Structure formats: structure tokens, C-alpha cells
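Each remark here refers to the structure printed beneath this line.
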Amino acid sequence: MPIIEFDPNASLQEQKAALLAQIAELDAREPEDMDSELYEAWAEEHEELEDLLDEIQDLLDEE
């Protein structure tokens, strides 16, 4: 599970930018062996970050 720390005073746009940076960093560390446990853990973390990004985007769309 990823460790995500947000500044409680950060805007939704700032939180979105932070998540995009975390996703980019994670993408750079993508394991090559898609059948490995390491890849499975990587994929779960990636999915969690993308889910959070979707939630933030939904909140932005409501503004």
C-alpha cells in the first residue's frame, strides 16, 4: 500500500499534481517480469494511486 502524504492545506490541483508525480515515479520503477510478486505489488500500488487520482478528479469536476 502506498504511503501518501498530502498537505492538508493543498488545493485539489496541487494534490492531483502530487499524485501524477507519484504515478510517474512508480512507472519508472515498473518491474520487467509481469509474472512476479514484485510486479503484482507494483500493480496494486499503481491502481490505488490511480483510484485516488480519479477521486480527486471527480471532486474537481464538481467545483
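Some points to look at:
- LEU49 open to solvent by less than 100 Å² (accessible area, probe 1.4 Å) and part of a helix (DSSP H, G or I): yes
- Just so you know, in segment 8-29 the residues that are small (Gly, Ala, Ser) and under 18 Å from GLU48 (Cβ atoms) include one that is most open to solvent (accessible area, probe 1.4 Å), and it is ALA28.
- Only residues that are open to solvent by 40 Å² or more (accessible area, probe 1.4 Å) and either in contact (Cβ under 8 Å) with a residue 24 or more places away in the chain or part of a helix (DSSP H, G or I) (or both) were counted across segment 30-46, and they come to 6.
The values are calculated or read from the model by the stated rules, or taken from the named source; none is laboratory data. Treat the numbers as computed from the prediction; the structure is a model and nothing was measured. Note: ideal-geometry Cβ built from the backbone for every residue, glycine included; neighbour counts use all protein chains shown. In case anyone asks, the SASA skips ligands and DNA or RNA and just uses the protein heavy atoms, side chains included. Shrake-Rupley method; radii C 1.70, N 1.55, O 1.52, S 1.80 Å.
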